[in-house]
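Just so it is clear, none of the values below were taken in a lab; they were calculated from the coordinates. Note that the structure is a prediction, hence the values are computed from the model and not measured. Counting neighbours? That spans all protein chains shown, and the Cβs are built from the backbone with ideal geometry, glycine included.
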Amino acid sequence: MVDNRKVAVVGCGFVGSSSAFALMQSGLFSEMVLIDVDRARAEGEALDISHGSPFAAPMRIYAGDYRDAADAAMIVVTAGAAQKPGETRLDLVNKNVAIYRSIIPNIREVGFEGILLIVSNPVDVLTYAAMKMSGLPESRVIGSGTVLDTARLQEALGAHLGVDPRDVEAYIIGEHGDSELAVWSSADVAGVPLKDFCEMRGHFDHEQAERRIADEVRNAAYEIIKRKHATYYGIAMSVTRLCTAIMRDEKCVLPVSSLMVGEYGLSDICISMPTIVGRDGIECRVPISLDDDEFGELHRSAAALSDVIDRAGLR
Ligand SMILES: NC(=O)c1ccc[n+]([C@@H]2O[C@H](COP(=O)([O-])OP(=O)(O)OC[C@H]3O[C@@H](n4cnc5c(N)ncnc54)[C@H](O)[C@@H]3O)[C@@H](O)[C@H]2O)c1
């Protein structure tokens, strides 16, 4: 029996603890289990975060184990090695697949029936791995994918155009990593095609601006890691957004990573595309139109991920 008021977070490092903190403030759940191989770390975070709950909403927060997470509505997995300066997300694959082999079978063993949200990197490969290892239906294993990258794109475009980023409708799709791509061809602001909106705001060099902003988004994590060794606030907000969409059955469109079953000619990989997300997890992918260049880039991104999945022995 799934308890809709309960969430578990596995991995209480920078990303896990920030996500737990953001979730506590959201008031979405009333019970949160924190799990980490470093039990003292989980206990410390549970104590610290629980001291903020009187300023938010009542919540029972404690360090626990997988049995405590068995009836959770959602388990958010953030455990794993993080990128070091100069490392790509794909460089983490062997370490983090090994860590997942010590986590996901426990989740399976306790009979978890909720939604598994994968955040550790490389998130697309680990979403695929978690789907295989958990035995859960593919609709209930979701990677945070390019939700954060898309937020970065909206933020950068909002600043460029002097408009609220929430009014920017533009997606980053593909791998959450170096081969990701911005879908410029269907981007708009309040229904006005992006290029027209740019010109309305006095920007005419579209190619140069698109290149600069896409590079800025793609390299954002490297820039942050170079300065403060980790990224966590943006992803914590992304996790909270995803949990909200799922628990409130919002059926909103978010570019999560999930198993492709023939869409855009892609199958047997997890990759990010705009997707309707609700209480049952993945509902369906939204067939946004791509121009020929974007279609080609998406296929190159998928080929890079497929190669890593093969090399990690996950098929
Ligand atoms: N998807 C995204 O957009 C996104 C954004 C930022 C970071 N990340 C990824 O999130 C992951 C965590 O990053 P971080 O900065 O929090 O790292 P961190 O080193 O601060 O924390 C990792 C935590 O995982 C725990 N852990 C390790 N093995 C475990 C196991 N077997 N069981 C339970 N817990 C275990 C560690 O004890 C540690 O507390 C990394 O893979 C990072 O690349 C993803």
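Rounded, prolate or oblate: which one fits region 235-315, using the alpha carbon gyration tensor with axes a ≥ b ≥ c (rounded when a/c is under 1.5, else prolate when a/b beats b/c, else oblate)?
Prolate is the answer for region 235-315, as a/c is 1.5 or above and a/b outweighs b/c.
Using a ≥ b ≥ c from the Cα gyration tensor of region 3-143 (square roots of the eigenvalues), is it rounded, prolate or oblate, where a/c under 1.5 gives rounded and otherwise the larger of a/b and b/c decides, a/b for prolate?
Because a/c hits 1.5 or more and a/b fails to exceed b/c, region 3-143 counts as oblate.
With charges set only on the Cβ (+1 for Lys and Arg, -1 for Asp and Glu), what does the dipole of region 29-153 come to about its Cα centre, in debye to the nearest 20?
Computed about the Cα centre, the dipole is about 280 debye.
Once label points are set 7 Å from the Cα along Cα→Cβ at both Tyr62 and Arg248, what is their separation, rounded to one decimal in nm?
2.9
Determine the gain in length on full extension of the stretch Met200-Arg311; use 0.36 nm per residue of separation and subtract their C-alpha separation, reporting nm with one decimal.
35.2 nm
Can you sort Lys251, Lys195, Lys228 from fewest to most other Cβ atoms within 10 Å of each residue's own Cβ?
Lys228, Lys251, Lys195
Quick check: Cα centre of region 59-89 to Cα centre of region 184-227, how many Å?
One Cα centre to the other: 33 Å.
For the chain, what does -39500 (n - 2.57) per DSSP helix run (n ≥ 4), summed and divided by total residues, give at 222 nm, in deg cm²/dmol to the nearest 500?
That calculation yields -13000 deg cm²/dmol at 222 nm.
Tell me the Kirkwood radius of region 158-212: reciprocal of the mean inverse pair distance over distinct alpha-carbon atoms, in Å.
11.8
If a/c stays under 1.5 just call it rounded; otherwise compare a/b with b/c (prolate if a/b is bigger, oblate if not). Do that for region 147-311, with a ≥ b ≥ c from the square roots of the Cα gyration tensor eigenvalues.
Judged from the Cα gyration tensor, region 147-311 comes out rounded (a/c under 1.5).
Treat every Asp and Glu Cβ in region 147-311 as -1 and every Lys and Arg Cβ as +1, leave all other atoms uncharged, and give the resulting dipole magnitude about the Cα centre to the nearest 20 debye.
760
Along the charge dipole of the chain, which of Val76, Ile246, Ser50 sits closest to the positive end, that is, farthest toward it, with unit charges on the beta carbon of Lys, Arg, Asp and Glu (+1, +1, -1, -1)?
Farthest towards the positive pole: Ser50.
So between Ile276 and Asn106, what do we pick up on full extension, going 0.36 nm a residue minus the alpha carbon distance?
Here the answer is 58.3 nm.
Cut-off under 16 Å on the C-alpha distance; same-chain residues fewer than 8 positions from Lys195 excluded. Which aspartates and glutamates are left, in chain and number order?
Within the straight-line cut-off, Lys195 pairs with Asp167, Glu169, Asp205, Glu207, Glu210, Asp291.
With +1 on each Lys and Arg Cβ and -1 on each Asp and Glu Cβ, how big is the dipole of the chain about its Cα centre, in debye rounded to the nearest 20?
1040
Using only the Cα atoms of the chain, construct the convex hull and provide its projected area averaged over every direction, in square nanometres to one decimal.
15.4
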